[in-house]
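**Student:** My structure is below; once you've seen it, I'll send some questions.
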Ligand SMILES: Cc1ncc(COP(=O)(O)O)c(C=O)c1O
């Protein structure tokens, strides 16, 4: 089902790049990055930045504080932890990225306990409740859409469990869910949410975006151990429509244009388009006996992780489809040899996804295991 809105901005049916990030970027956004240089302490920058945080807040669904950072998403994992400096962290791990965030917390010197869920299984909110009864935590980290396995965790239910059972702050990686499937920062009681530009926001890589709740910001003022990504500095400079340090201005020109595009589609429209792409891959896979890694109901709306049907090699499939100009993701980490991943996020349309699925059918015949 195609809507009147053309997400590709002039290239319907022509996208061939389906990595689970970085993603295809439409022409209008790429062109915005070629803007002439401006100084980041002058009026032109203040005019550019003036309403970026408030429009971005609509994407995070919050009335709270939203900021941008010239950083990969990993830098914002650090920011989420360092600005709170928790005494003990419960790291929920169910795939490569959530495991890595737990390691990030250890590397920063925090005391970390890991609550593990098998790869491909969503985290059970009751297990979170039980873990919170065993020890006192002041932060819980969670990856909403686990890109390595294509699993969508129930952030709403887990945040509710954390709120009900503790005083802990909910720190959420919404890297591959923001702008692709529902993220309700305020309504779900999230304290810190972070994402990168190169996923469903459909911008080039290199810009981080984040939200911090009022109670997070209040505590952060007393406890922060961050320097480059110190929240109170971001807040102080935001008042002047600036960022604390030299930003990647080209990314902000691109974000300015892209926010108009996202809000014109509407978030609900964007979510529905991603949901339709996920459902299309589900139907396609079922008809061909390719098997989804996560169970029904726990599948990311932006990245589908599949085990190819018996007799087909996922690595050969990725290579074969590439010969026809299509880029998809291979498996990640320990799942590298056994799965392939289709990133259907950002400004990709259903018609482009159809051409990819046909190309995969053609390639599957030549991709013997
Ligand atoms: C869920 C998730 N979190 C974090 C990251 C790390 O992002 P970056 O490479 O921008 O640091 C990724 C990258 O794919 C991701 O998918």
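The values are calculated or read from the model by the stated rules, or taken from the named source; none is laboratory data. Given the structure is predicted, the values throughout are model-derived calculations rather than measurements. Here the Cβ positions follow ideal geometry from the backbone for every residue, glycine too, while neighbour counts run over all protein chains shown.
**Student:** Restricting to the stretch 70-81, count the residues that are touching a residue at least 40 places away in the same chain (Cβ under 8 Å) and surrounded by fewer than 23 Cβ atoms within 10 Å (Cβ to Cβ).
**Tutor:** 5
**Student:** Let me ask another. Given the options 179, 195, name the one that is in a loop (DSSP other than H, G, I, E, B), closer than 22 Å to residue 299 by Cα, within 16 Å of the ligand (Cβ to nearest atom) and touching a helix residue (DSSP H, G or I) at 6+ places or on another chain (Cβ under 8 Å).
**Tutor:** The conditions single out 179.
**Student:** Do you know which residues across the stretch 124-145 are outside any strand (DSSP E or B) and under 13 Å from residue 101 (Cα atoms)?
**Tutor:** Answer for the stretch 124-145, where residues must be outside any strand (DSSP E or B) and under 13 Å from residue 101 (Cα atoms): just 144.
**Student:** Right, here's the next one. Identify, please: which residue in the stretch 288-307 is under 25 Å from residue 181 (Cα atoms) and more than 22 Å from the chain's Cα centre (by Cα) and is, among those, surrounded by the most Cβ atoms within 10 Å (Cβ to Cβ)?
**Tutor:** Among those residues, the one meeting the criterion is 290.
**Student:** Look at the stretch 291-309 and say how many of its residues are modelled with pLDDT of 95 or more, out of contact with any helix residue (DSSP H, G or I) (no Cβ under 8 Å at 6 or more places or on another chain) and assigned to a loop (DSSP other than H, G, I, E, B).
**Tutor:** 2
**Student:** Okay, moving on. It is to be established whether one or more residues within the stretch 47-67 are modelled with pLDDT of 95 or more, assigned to a strand (DSSP E or B) and within 13 Å of the ligand (Cβ to nearest atom).
**Tutor:** no
**Student:** Quick one: is residue 221 in a helix (DSSP H, G or I) and touching a helix residue (DSSP H, G or I) at 6+ places or on another chain (Cβ under 6 Å)?
**Tutor:** yes
**Student:** Starting from the stretch 46-62, take each residue that is over 22 Å from residue 266 (Cβ atoms) and list its partners that are assigned to a helix (DSSP H, G or I), counting only C-beta distances under 9 angstrom and pairs at least six apart or across chains.
**Tutor:** 48/249; 48/252; 48/253; 48/256; 49/238; 49/252; 49/256
**Student:** How many of the residues making up the stretch 160-173 are surrounded by 24 or more Cβ atoms within 10 Å (Cβ to Cβ) and over 17 Å from the mean Cα position of the chain (by Cα)?
**Tutor:** Within the stretch 160-173, residues that are surrounded by 24 or more Cβ atoms within 10 Å (Cβ to Cβ) and over 17 Å from the mean Cα position of the chain (by Cα) number 2.
**Student:** Let me ask something else. Conditions: (1) in contact (Cβ under 8 Å) with a residue 40 or more places away in the chain; (2) crowded, with 23+ Cβ neighbours inside 10 Å. Residue 144 meets all but one. Number of the miss?
**Tutor:** Answer for residue 144: the failing condition is (1).
**Student:** Out of the residues in the stretch 82-105 that are more than 16 Å from the ligand (Cβ to nearest atom) and within 21 Å of residue 165 (Cα to Cα), which is surrounded by the fewest Cβ atoms within 10 Å (Cβ to Cβ)?
**Tutor:** Checking each candidate, the answer is 87.
**Student:** Here is a follow-up. I need the full set of residues from the stretch 27-45 which are touching a residue at least 24 places away in the same chain (Cβ under 8 Å) and either surrounded by 14 or more Cβ atoms within 10 Å (Cβ to Cβ) or part of a helix (DSSP H, G or I) (or both), in order please.
**Tutor:** 28, 29, 30, 32, 33, 35, 38, 40, 45
**Student:** Let me confirm something: among 127, 159, 172, which residue is within 16 Å of the ligand (Cβ to nearest atom) and under 27 Å from residue 304 (Cβ atoms)?
**Tutor:** Result of the check over 127, 159, 172: 172.
**Student:** Given the condition within 13 Å of the ligand (Cβ to nearest atom) and buried (at least 20 other Cβ atoms within 10 Å of the Cβ), answer yes or no: does some residue in the stretch 131-141 qualify?
**Tutor:** Taking every residue of the stretch 131-141 in turn, at least one turns out to be within 13 Å of the ligand (Cβ to nearest atom) and buried (at least 20 other Cβ atoms within 10 Å of the Cβ).
**Student:** Kindly list, by first and then second residue, each pair from a residue in the stretch 96-108 that is without any contact (Cβ under 8 Å) to a residue 60 or more places away in the chain to a residue that is assigned to a helix (DSSP H, G or I), limited to pairs with Cβ atoms under 6 Å and residues at least 6 apart or on different chains.
**Tutor:** 104/77; 105/81; 108/81
**Student:** Also, quick follow-up: In this structure, is residue 118 away from the ligand (no atom under 12 Å from the Cβ), part of a loop (DSSP other than H, G, I, E, B) and farther than 20 Å from residue 225 by Cβ?
**Tutor:** yes
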